[in-house]
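Asker: Pasting a structure here, questions to come.
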Amino acid sequence: SSNAMWGGRFASGPDAIMEEINASIDFDRRLYDEDIAGSKAHAAMLADQGIISAEDASQIIAGLEDIRAEIADGCFTFSREREDIHMNVEARLAELIGPAAGRLHTARSRNDQVAVDFRLHVKAAFGALAEALEAFIDALLDKAEAHADTVMPGFTHLQVAQPVTFGHHCLAYVEMAARDLSRCRDAITRLDECPLGAAALAGTGFAIDRHQTAAALGFREPTRNSLDSVSDRDFALEFLSVAAICGTHLSRLAEEIVIWSTPQFGFVRLSDAFSTGSSIMPQKKNPDAAELVRAKPGRINGALISLLTVMKGLPLSYSKDMQEDKEQVFDAIDSLALALAAATGMVRDMAIDEQAMRRAAGHGFSTATDLADWLVRELGLPFREAHHVTGRAVALAEERGVGLEDLPLDLLQTLEARITDAVYSVLGVDASVNSRTSFGGTAPANVRAQIAYWRDRLGGK
Ligand code: ARG
């Protein structure tokens, strides 16, 4: 049969393959709430402007409410023949209220309709992401507070570098998550314009009030250019960009958790709630959640590249290519939400083995820099010379299989005669971290000050 929406122009219906490639209802049904909100705002505005009667508008709005309930209750029959969420809702509206339903689409197109639905959805996703980030930051701050003094090895190249505090390490992730949060807020300010009323591409001759619909839908203002309104998917690209960066941060934490939870490191013990066993090896406790958090960027980064590729080179204004914008964004929204929830849970639950961290912090000559700094500060050696003397001390210690702090004073004095036994006070890991009081450094006092800074900033939003 020919189409109910555009049957006037068409003699026959679509080929089965046409219907299959064209239909988006299987995924854009996720936008039903936004679609109905957009339609209600539009109908109310049309009535206020005298474009449709108040009677028709109230029938339309009541019908849309019924449809929302049907969909929410799972008793709505979605039809591929009706292509997408917009036409499924409108066709059902006609079944429910009759001819008045045909007035809803006055001064509107599916092009501005889908743009407003998708924007609302992505706006909500940014809001949910911001909330999830706040919960993640909160979990990190709690861990940082509990471990402001816990000493662990800091790494570069995954080789022991200098002792740091675990609290400081947690706060590094707070910084990342806080930047992600600020990217969300920043992106929302650009997204917060309503494309409804752009119609197909050129605007409309009807005396619509776009400021009214924008306000009704919670947007700051209407978009300014009708062509851009139906062509723009920057807001979705920005979501995916933010998601890709955030997913990258989470994957780095996940990788550290995987490493830290190996028996070889033994820094953290994951809770049973965030681990799995093996079907064959009874002793195993695997960090599957961390591994999946580490893997999610595969999908999220794929979605970003996918949508960039769809949009690249598209002529203005709307093209059906743009229907390919949704599935991957939905997948990225869900993947990131899950990854963040899992990361937050793991951080909250994981038990820290302070002894193992401390022991590891003392290995690998991690206080060699402190020795060099002491030679500079106390004996006035140029840093390069101090570096050389310390390097020789490390070589001696390595040869004997001991730590720097175990080298006897007379041996150290063969390297530099003026060394006194005061040097031993800087060779311990606690002295090392306590000395790192430069702004942004790892000293416990700094960690506490930074925690207070973040609690204050986030508490005040
Ligand atoms: N399902 C379409 C999409 O997701 C809605 C817009 C269709 N517009 C059109 N002119 N065919 O993009």
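The values are calculated or read from the model by the stated rules, or taken from the named source; none is laboratory data. Predicted model, so just to flag it, every value in this text is computed and none were measured. Neighbour counts run over all protein chains shown; Cβ positions are idealised from the backbone, glycine included.
Asker: Would you please name the residue that is surrounded by the most Cβ atoms within 10 Å (Cβ to Cβ), looking only at residues in the stretch 25-79 that are within 16 Å of the ligand (Cβ to nearest atom) and of a type in the set (G, A, S)?
Answerer: So, considering only residues that are within 16 Å of the ligand (Cβ to nearest atom) and of a type in the set (G, A, S), the one surrounded by the most Cβ atoms within 10 Å (Cβ to Cβ) is G38.
Asker: Next question. When you go through (1) touching a helix residue (DSSP H, G or I) at 6+ places or on another chain (Cβ under 7 Å); (2) buried (at least 17 other Cβ atoms within 10 Å of the Cβ); (3) not aliphatic (A, V, I, L, M) one by one for R392, which number turns out not to apply?
Answerer: For R392, the failing item is (2).
Asker: Another question, if that's okay. Kindly list the number of the only condition in (1) more than 16 Å from the ligand (Cβ to nearest atom); (2) of a type in the set (S, T, N, Q); (3) at pLDDT 95 or above that fails for S319.
Answerer: (1)
Asker: Moving on to the next point. What residue, of I352, I257, is touching a strand residue (DSSP E or B) at 6+ places or on another chain (Cβ under 7 Å), within 30 Å of F126 (Cβ to Cβ) and either more than 16 Å from the ligand (Cβ to nearest atom) or of a type in the set (A, V, I, L, M, F, W, C) (or both)?
Answerer: I257
Asker: So in the stretch 103-121, with the set limited to residues that are surrounded by 24 or more Cβ atoms within 10 Å (Cβ to Cβ) and part of a loop (DSSP other than H, G, I, E, B), which one is farthest from the ligand (Cβ to nearest atom)?
Answerer: L104
To keep it simple, each residue is scored yes or no on (1) within 16 Å of the ligand (Cβ to nearest atom); (2) touching a strand residue (DSSP E or B) at 6+ places or on another chain (Cβ under 8 Å); (3) at pLDDT 95 or above.
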site: P282; (1), (2), (3): no, no, no
site: A295; (1), (2), (3): no, no, yes
site: G302; (1), (2), (3): no, no, yes
site: L307; (1), (2), (3): yes, no, yes
site: E324; (1), (2), (3): yes, no, yes
site: A332; (1), (2), (3): no, no, yes
site: S335; (1), (2), (3): no, no, yes
site: A341; (1), (2), (3): no, no, yes
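Asker: Can you name every residue in the stretch 168-194 that is acidic (D, E) and more than 17 Å from A128 (Cβ to Cβ)?
Answerer: Hits for the stretch 168-194 are E175, E193.
Asker: Just checking, does the stretch 226-247 include any residue being part of a loop (DSSP other than H, G, I, E, B), touching a Ser or Thr at 6+ places or on another chain (Cβ under 9 Å) and either surrounded by 18 or more Cβ atoms within 10 Å (Cβ to Cβ) or at pLDDT below 95 (or both)?
Answerer: Yes, the stretch 226-247 contains a residue that is part of a loop (DSSP other than H, G, I, E, B), touching a Ser or Thr at 6+ places or on another chain (Cβ under 9 Å) and either surrounded by 18 or more Cβ atoms within 10 Å (Cβ to Cβ) or at pLDDT below 95 (or both).
Asker: With respect to the numbered conditions (1) within 16 Å of the ligand (Cβ to nearest atom); (2) out of contact with any Lys or Arg (no Cβ under 7 Å at 6 or more places or on another chain), which one is the sole condition not fulfilled by A91?
Answerer: Tallying (1) within 16 Å of the ligand (Cβ to nearest atom); (2) out of contact with any Lys or Arg (no Cβ under 7 Å at 6 or more places or on another chain), A91 fails exactly one: (2).
Asker: Step by step: first the residues of the stretch 1-24, then only those that are in contact (Cβ under 8 Å) with a residue 12 or more places away in the chain and exposed (fewer than 13 other Cβ atoms within 10 Å of the Cβ), then the one that is nearest to the chain's Cα centre (by Cα). Which residue is that?
Answerer: E20
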